[in-house]
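Structure record follows, encoded as structure tokens.
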Amino acid sequence: MSTTPGNKKSKIRIVGIGLVILAALYVVFMRANPPKSEAPVAAIEPTELHFQKSDYGETWPFRTIESGKVYCTDNAVLFRDDKGGQIYGLNGTAKTTGRAKGYDWKSLDGEHIVGKDISFLLEAGNKLCQ
């Protein structure tokens, strides 16, 4: 039994078409069922933490600030007042950096109630700086 050149081309053509169909089915299947990632999704760390007077009552350390966010930039722990947007430096790095770079970061003088603890804000900011 011999194959003629026409039969050989026909078989090659059929195999080629079959491969194209298989490739198309693979693409369709992969789009419909993408592979599942086995790596756990990393937890997204917060970039700022919100604090408000109503959560702290008499221990709230500020005179006129009702709430705000603690965050960190260049190891400077900062507190941004929600009402006016004023930024206060909470640690020494914030005071030094703010002054050196000409930022409008205010000190807590006059806003911080003497004797009221702000360490919870500093600790939160230091964690964000890590």
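The values are calculated or read from the model by the stated rules, or taken from the named source; none is laboratory data. Keep in mind that this is a model prediction, so the values were computed, not measured. Every residue, glycine as well, gets a Cβ built from its backbone with ideal geometry; the counts of neighbours run over all protein chains shown.
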ask   = Given the conditions (1) over 26 Å from the mean Cα position of the chain (by Cα); (2) of a type in the set (S, T, N, Q); (3) modelled with pLDDT of 70 or more, which single one is not true for S67?
value = (1)
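Checking the condition over 18 Å from K53 (Cβ atoms) and surrounded by 12 or more Cβ atoms within 10 Å (Cβ to Cβ), which residue from G98, G92 passes?
Details: G92 fails: surrounded by 12 or more Cβ atoms within 10 Å (Cβ to Cβ).
Answer to the selection: G98.
Take the residues in region 98-121 that are among the hydroxyl-bearing types (S, T, Y) and out of contact with any Ser or Thr (no Cβ under 8 Å at 6 or more places or on another chain), then tell me which one is modelled with the lowest pLDDT.
Taking region 98-121 as the starting set, the residues that turn out to be among the hydroxyl-bearing types (S, T, Y) are 103, 107, 119.
Next, only the ones that are out of contact with any Ser or Thr (no Cβ under 8 Å at 6 or more places or on another chain) stay: 107, 119.
Numbers: S107: 89, S119: 96.
Residue satisfying both the conditions and the ranking: S107.
Looking only at region 18-32, decide whether some residue is in contact with a strand residue (DSSP E or B) (Cβ under 8 Å, 6 or more places away or on another chain), surrounded by 10 or more Cβ atoms within 10 Å (Cβ to Cβ) and modelled with pLDDT of 70 or more. Please lay out each step first, then the result.
First, pick out the residues of region 18-32 that are in contact with a strand residue (DSSP E or B) (Cβ under 8 Å, 6 or more places away or on another chain): none.
So far as region 18-32 goes, no, none of its residues is in contact with a strand residue (DSSP E or B) (Cβ under 8 Å, 6 or more places away or on another chain), surrounded by 10 or more Cβ atoms within 10 Å (Cβ to Cβ) and modelled with pLDDT of 70 or more.
Can you say whether K83 is touching a residue at least 24 places away in the same chain (Cβ under 8 Å) and assigned to a loop (DSSP other than H, G, I, E, B), as far as the supplied structure shows?
Values: touching a residue at least 24 places away in the same chain (Cβ under 8 Å): no; assigned to a loop (DSSP other than H, G, I, E, B): yes.
For K83, the condition - touching a residue at least 24 places away in the same chain (Cβ under 8 Å) and assigned to a loop (DSSP other than H, G, I, E, B) - is not met.
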message = Being within 20 Å of L128 (Cα to Cα), at pLDDT below 95, more than 23 Å from the chain's Cα centre (by Cα) and charged (D, E, K, R) is the requirement here; does K95 meet it?
response = yes
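May I ask you to say which residue of L49, L108, L128 is touching a strand residue (DSSP E or B) at 6+ places or on another chain (Cβ under 6 Å), assigned to a loop (DSSP other than H, G, I, E, B) and surrounded by 14 or more Cβ atoms within 10 Å (Cβ to Cβ)? Give the steps one after another, and end with the answer.
Numbers: L49 fails: assigned to a loop (DSSP other than H, G, I, E, B); L128 fails: assigned to a loop (DSSP other than H, G, I, E, B).
The match here is L108.
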